[in-house]
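Notes follow once the structure below has been shown.
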Amino acid sequence: MFDFKVIPGTAVKAVLAEHAAAALDDVQAAYLAHHDRQTVNPDSYFLRFPDAPRDRIIALPASIGADIRVAGIKWIASFPQNVDRGLPRASAVLLLNDPATGYPFACIEGAIISAVRTAASAVLGAYWLNGCRRTAGTVAFVGAGVIARNIYDMFEADGWTFDEVLVHDTDSASAVALGAHVRMRVRNTKVAIADSLEDALNADVVVFATNASSPYVHRPQGFSPRQTILNISLRDLAPELILSAFNVFDDVDHCLKAETSPHLAEKLCGDRRFVGGTLAALIRGEIKRDSTRPAVFSPFGMGILDLALGRRVYDKACARGLAIDVPGFFGETSRW
């Protein structure tokens, strides 16, 4: 009852790599549980630093029932200047709690789980908005960091095929690195660096995975109805582009806050008429994509997704002997 285990990043990577596409099942199960009101997912809490306004550490508490049954919290730091140091921007830990007693039973390296669940969310959204087809002419990645790499890898794990992969990043070294990563993994697919943002924006599937803090994509002509836009970084698109699209969210209330592009769209028009629904509603057949408009999927990123993946990682790591026991972690295990 009072076991406590630590699962390091090496073990997390090994478990998630064993069957990468299983993360899609984890994320879909979490979304459907949320849709069925079997979750608790409060607002995220932001620790900010007055002398470093771009840096932040975020707490995402959550609880999920259904077949997963776990509570916990992700504590994730985002320090953009880490990129200049050659470090990943984000680092994280995930704590899992027993929903019966409240006792924590595991501390798991969380940055890999966070990146993989983000990637699974993006690819799941693309699949359902793309008519349940795993193919597209061109996919473009705007932003070429860890998240973009994980999203591409998840597309591959899910069996997607593309005629062309475009990569655009204001940091040319990052764009080249992601392009090289893709070339190493695929054959018979053209891979190119898009020097112009506009070239990338013409792709059939456009993935925004940047650290933008405010909209810079205004595009007066808008996107075309054939396009699917994965608005993963949430703040790239001008609100007018959101208003002209068919919009799907992971959770509407969560996403329409914190100056995201959809939040700015709500402020601009004064209501939520642009909201199409949630991805879970699309999966359940309660809504359908409007084929006369481009589709935009905006996932705010909920703690329940980390818990769903974290629970599976914990179970698999324990079964494979990859979890590290911490004897005596709790100083007292009896009231008297």
Problem set entry | Label zone at A59 (point 7 Å along Cα-to-Cβ), backbone N below 15 Å, the range 294-327 | 303
Exercise. Based on the Cβ-Cβ distance from C318 to K13, what FRET efficiency comes out when R0 is 22 Å, to the nearest 0.05?
Worked result: 0.85
Exercise. If one computes P(r) from the Cα atoms of the range 114-168, what percent of pairs lie at distances over 13 Å?
Worked result: 57
Problem set entry | Lys, Arg +1 and Asp, Glu -1 on Cβ, resulting dipole of the range 131-298 about Cα centre, debye, nearest 20 | 400
Problem set entry | Calculated [θ] (222 nm, deg cm²/dmol) that DSSP helices of n ≥ 4 give over the chain, each run adding -39,500 (n - 2.57) | -10000 deg cm²/dmol
Problem set entry | Degrees between helix 22-35 axis and first principal axis of the chain (Cα, 0 to 90, nearest 10) | 90
Exercise. Once the Cα atoms of helix 172-185 and of the chain are each reduced to a long axis, what angle between those two axes, in degrees from 0 to 90 to the nearest 10, is obtained?
Worked result: 80
Exercise. Between T101, A122, W160, whose Cα lies farthest towards the positive end of the dipole of the chain when Lys and Arg beta carbons carry +1 and Asp and Glu beta carbons carry -1, centred on the Cα centre?
Worked result: W160
Exercise. So, with +1 on the Cβ of K and R and -1 on the Cβ of D and E, and no other charges, what is the size of the charge dipole of the chain about its Cα centre, to the nearest 20 debye?
Worked result: 260
Exercise. How big is the charge dipole of the range 217-280 about its Cα centre, in debye rounded to the nearest 20, if each Lys and Arg gets +1 on its Cβ and each Asp and Glu gets -1 on its Cβ?
Worked result: 200
For this session: For the range 7-38 and the range 244-320, write down the distance between their C-alpha centroids in whole Å.
Result: 17
For this session: Report the one residue of P53, G65, Y31 whose Cα lies farthest in the direction of the positive end of the charge dipole of the range 23-101 (charges on C-beta: Lys and Arg +1, Asp and Glu -1; origin at the Cα centre).
Result: P53
Exercise. Expressed as an acute angle from 0 to 90° and rounded to the nearest 10, what is the orientation of the C-alpha long axis of helix 146-157 relative to the principal long axis of the chain?
Worked result: 90
Seminar exercise, completed: In the neighbourhood of R133 defined by beta carbon distances under 14 Å, the net charge of the other residues (Lys, Arg +1; Asp, Glu -1) is 0
For this session: Pull out the extension gain between C269 and F49, defined as 0.36 nm times the separation in residues minus the alpha carbon to alpha carbon distance; nm, one decimal.
Result: 76.0 nm
Seminar exercise, completed: At q = 0.09, 0.10, 0.16, 0.17 Å⁻¹, the log10 of I(q)/I(0) for the range 131-298 from a Debye sum over equal Cα scatterers comes to -0.29, -0.36, -0.93, -1.04
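No value in this document is a laboratory result; all are computed from the given coordinates. Just so it is clear, the structure is predicted and the values come from calculations on it, not from any experiment. Positions of Cβ are backbone-derived with ideal geometry, glycine not excepted, and every protein chain shown enters the neighbour counts.
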